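*Asks:* Here it is, the structure, as structure tokens.
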Ligand code: SAM
């Protein structure tokens, strides 16, 4: 099977994204492992190592597009169960899976779940010590708006960290990754959920996302300082960091 790409306008994008994650919520964690061949775990661990949350109470993090909770759970564990995390997602189905997982892990006391849009965060200015977003920002229709919101809700001295698929900078890996994205990912999606088309759309959203340098510039434009990034797996994923100073 080959999948054609729909051209998606800005206004149409969010409903399509919502449909994908609503359909896949129950199998999202399995899909993540299959589609990234388990690599998302390594990238997420590296993200939390760079964040290095303090092992003292009172520190508050916000994980946007937090889905089923992977990033928030890791942050709480890394803080030795001192941190408090708010998991925010636009999709109630993803959050519901997250709540159930948190309960099983005994992490519910350290967590809040909030259904809201990254473009319009329901929090006061200067609320959080850190803002994290993993594999989420490319789904948001107006990235610049999401970045300004991130800046607004962070305390002065707060940290912004974003993990996202990015531009592969190694010639051979580059081709392998293209083949994997265009063939394997929609097929895995079809096998697990019965529909490959939404995954073709997600792959397309990765291709349209700005490369490492351009995204770093967008982060700076939102007001962040000391903006830098690290590549993982040859740039398949990149982690961007910035500070509200
Ligand atoms: N962060 C999790 C992880 O790394 O496993 C989940 C990532 S998942 C690929 C993307 C998530 O972004 C979905 O749960 C989706 O509902 C959420 N999302 C999409 N658009 C959003 C928006 N405008 N505001 C908040 N969350 C959004």
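*Asks:* Please go through (1) within 16 Å of the ligand (Cβ to nearest atom); (2) assigned to a helix (DSSP H, G or I); (3) free of Cβ contacts under 8 Å to residues at least 40 places away in the same chain; (4) surrounded by fewer than 18 Cβ atoms within 10 Å (Cβ to Cβ) for residue 203 and return the number of the only condition it doesn't satisfy.
*Replies:* If we test residue 203 against (1) within 16 Å of the ligand (Cβ to nearest atom); (2) assigned to a helix (DSSP H, G or I); (3) free of Cβ contacts under 8 Å to residues at least 40 places away in the same chain; (4) surrounded by fewer than 18 Cβ atoms within 10 Å (Cβ to Cβ), just (4) comes out false.
*Asks:* If you don't mind, another one. Where in the stretch 37-126 are the helices (runs of 4 or more DSSP H), entirely inside, with at least 1 residues that are in contact (Cβ under 8 Å) with a residue 12 or more places away in the chain and loosely packed, with under 15 Cβ neighbours inside 10 Å?
*Replies:* 39-51, 92-105
*Asks:* In the stretch 127-137, what residues are touching a helix residue (DSSP H, G or I) at 6+ places or on another chain (Cβ under 7 Å) and either surrounded by fewer than 19 Cβ atoms within 10 Å (Cβ to Cβ) or part of a loop (DSSP other than H, G, I, E, B) (or both)?
*Replies:* Passing the criteria: only 127.
*Asks:* Looking at (1) under 14 Å from residue 133 (Cα atoms); (2) near the ligand (Cβ under 9 Å from one of its atoms), which is the only condition residue 45 fails?
*Replies:* (2)
*Asks:* Identify, by number, the condition in (1) at pLDDT 95 or above; (2) farther than 27 Å from residue 12 by Cα that residue 216 doesn't meet.
*Replies:* Condition (2) is where residue 216 drops out.
*Asks:* Is the stretch 18-35 home to any residue that is under 15 Å from the mean Cα position of the chain (by Cα), within 12 Å of the ligand (Cβ to nearest atom) and within 21 Å of residue 157 (Cα to Cα)?
*Replies:* Scanning the stretch 18-35, I find no residue that is under 15 Å from the mean Cα position of the chain (by Cα), within 12 Å of the ligand (Cβ to nearest atom) and within 21 Å of residue 157 (Cα to Cα), so the answer is no.
*Asks:* Also, quick follow-up: When you scan the stretch 138-151, how many residues do you find that are within 18 Å of residue 243 (Cα to Cα) and either surrounded by fewer than 16 Cβ atoms within 10 Å (Cβ to Cβ) or within 15 Å of the ligand (Cβ to nearest atom) (or both)?
*Replies:* Residues in the stretch 138-151 being within 18 Å of residue 243 (Cα to Cα) and either surrounded by fewer than 16 Cβ atoms within 10 Å (Cβ to Cβ) or within 15 Å of the ligand (Cβ to nearest atom) (or both): 8 in total.
*Asks:* Out of the stretch 63-81, which residues are in contact with a helix residue (DSSP H, G or I) (Cβ under 8 Å, 6 or more places away or on another chain) and over 25 Å from residue 26 (Cβ atoms)?
*Replies:* Within the stretch 63-81, 78, 81 meet the criteria.
*Asks:* While we're here: What is the number of the single condition among (1) in contact (Cβ under 8 Å) with a residue 60 or more places away in the chain; (2) assigned to a helix (DSSP H, G or I); (3) farther than 24 Å from residue 58 by Cα that residue 172 does not meet?
*Replies:* Of everything listed in (1) in contact (Cβ under 8 Å) with a residue 60 or more places away in the chain; (2) assigned to a helix (DSSP H, G or I); (3) farther than 24 Å from residue 58 by Cα, residue 172 misses just condition (1).
*Asks:* Could you figure out which of (1) in contact with a helix residue (DSSP H, G or I) (Cβ under 7 Å, 6 or more places away or on another chain); (2) surrounded by fewer than 18 Cβ atoms within 10 Å (Cβ to Cβ); (3) part of a strand (DSSP E or B) isn't true of residue 156?
*Replies:* (1)
*Asks:* Still on this structure, please answer the following. With the requirement that a residue be more than 13 Å from the chain's Cα centre (by Cα) and more than 18 Å from residue 220 (Cα to Cα), what does the stretch 130-154 give you?
*Replies:* Of everything in the stretch 130-154, just one residue is more than 13 Å from the chain's Cα centre (by Cα) and more than 18 Å from residue 220 (Cα to Cα), namely 141.
*Asks:* Okay, next question. Of the conditions (1) in contact with a helix residue (DSSP H, G or I) (Cβ under 9 Å, 6 or more places away or on another chain); (2) surrounded by fewer than 17 Cβ atoms within 10 Å (Cβ to Cβ); (3) within 27 Å of residue 243 (Cα to Cα), residue 30 satisfies every one except a single condition; which number is it?
*Replies:* The failed condition is (3).
*Asks:* So, in the stretch 113-126, exactly how many residues are away from the ligand (no atom under 15 Å from the Cβ) and touching a strand residue (DSSP E or B) at 6+ places or on another chain (Cβ under 7 Å)?
*Replies:* 1
The values are calculated or read from the model by the stated rules, or taken from the named source; none is laboratory data. Predicted model only: the values in this text are computed from it and were never measured. We place every Cβ from the backbone using ideal geometry, glycine too, and count neighbours over all the protein chains shown.
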